Every structure is written in structure tokens, then in C-alpha cells.
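Worksheet: the structure to be examined is printed underneath.
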Amino acid sequence: MEAKRTLEPGEVFVPFVPDRAHAPMATHVRSTLIASSVASLRARGLFDAYRANLAPALRDELPATIAGLWAPIERGLAHYDACDRLRLPVAELLTIGESVGARSTQSALSLAAKLAAGGGATPWTVLAQSRRLWERMFQGSSVGVMKIGPKEARMEMIAWPLARIAYNRISYRGILTSMIKPFCTQVYVSEVPQLCTSFTAGYRIAWA
């Protein structure tokens, strides 16, 4: 708790629902995230190495995940643990995250993209949808956004077991980048170390 007091103060933009003290632990993950992630690994020639990292009982089942369903969070943990053991460089994880984000949020962000084409949307338009987008990906857990400056935000996820896996935490920076960059010239996403634990993650998002 002491580390959190050193964070820059800001204005609550998207509050936690329920509040921080009562957020339920994530129980399910949208299978679209897993399916998109597997597709990205296939495209990069990493599928065989990923499959070898899975427990034998899951080597056929997880790669065959169909998009659009809810999967137990344990399946997400098994998937991202196997991905993490690939020990990929950060730059590649960010690229994979962008690819996954483009697939998994395309339909949800289509209206905002249309507004952007007409000059009517900004990154704040997208960030305002953070809870809706999060609830499309996870059952349980919660997300909140603080407005730190005119073009800077801090996003925090709580009660999120996937936060303990570096692969997932880093590649999520790419997912956030893919969400924000259609609405600005440049976007920068970095982790906030004080907010990263086994069940929480935090990101600083700035743009120009």
C-alpha cells in the first residue's frame, strides 16, 4: 500500500465496479483471446514450441479453442504459462499483443473507429469504454482508469490472476496500443511497477 501513495494523483475517469475492496476474482476468460493468441503464435512459427510447453492433456484441446465462448480462467493460465516459457523478447511480445488486440477488439471498437474517421473520437473515447471491453474479455475482476493529464491515463486491473504471468502482462501493453493508436499520432504504454502483483497490473498510457 505504501508504494501506491507515490503514484501521480489524478481524476477518476473509469471507476472500479464494484469498488476495489469488493472486486471478485476473475473466473473466466473469453476464448477469443486464447484463439487469437494461438493464431499469432502459428503465424510466427512458434506453435510447435508452444504446444510442447502445454500439459499433455491440453496439447490438443487448447490449440483448438474456438472464439466467442467463455473458458475457465485456469485455461487462460495454462495457455499463458505455456507462452511465457517461450521466453520471447519484449519487442515480439508487444507485436503479438497488437495482433491479438486487433482481432479481439475490432468489432467492439468499430463505432469509435467510425467516429475517429470523422474527427469525433479521441483516446479518451476508447478509454471510456474500458469496463465494457474488459467485461467482454473476463468474468470477474475489475478495471479502473485515472486521468493523469490531458493526454495521459493510468489503467489498473485488479483481481486478475493472469497478472502474474510476464508474457500476458507485457503482451497486454500491445493490446492497449492497438486500441489507442487509431485515435492519435503516437501512443506509449508502459507498466507501472508499483501496481504489478500476482493479481493486479497497472499501465501508464500517454499519446500525442
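The values are calculated or read from the model by the stated rules, or taken from the named source; none is laboratory data. Source: prediction; values computed, not measured. All Cβ positions, glycine included, derive from the backbone under ideal geometry; neighbour counts span all protein chains shown.
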When segment 178-194 is checked residue by residue, the ones that are surrounded by 20 or more Cβ atoms within 10 Å (Cβ to Cβ) and modelled with pLDDT of 95 or more are Val189
When segment 36-59 is checked residue by residue, the ones that are of a type outside the set (A, V, I, L, M, F, W, C), closer than 10 Å to Ala82 by Cβ and not in a helix (DSSP H, G or I) are Arg59
Counting only residues in segment 126-149 that are touching a Leu at 6+ places or on another chain (Cβ under 9 Å) and without any contact (Cβ under 8 Å) to a residue 60 or more places away in the chain, the one nearest to Arg75 (Cα to Cα) is identified as Leu133
In segment 149-208, anything of a type in the set (Ser, Thr, Tyr) and out of contact with any strand residue (DSSP E or B) (no Cβ under 9 Å at 6 or more places or on another chain) is listed as Tyr167, Ser171, Ser178, Thr197, Ser198
Looking across segment 24-49 at residues that are free of Cβ contacts under 8 Å to residues at least 60 places away in the same chain and in contact with a Pro (Cβ under 8 Å, 6 or more places away or on another chain), the single one that is farthest from Trp134 (Cα to Cα) is Phe47
**Study point:** Residue check, Arg59 in contact with a Leu (Cβ under 9 Å, 6 or more places away or on another chain), more than 22 Å from Arg169 (Cβ to Cβ) and surrounded by fewer than 20 Cβ atoms within 10 Å (Cβ to Cβ)
**Key:** no
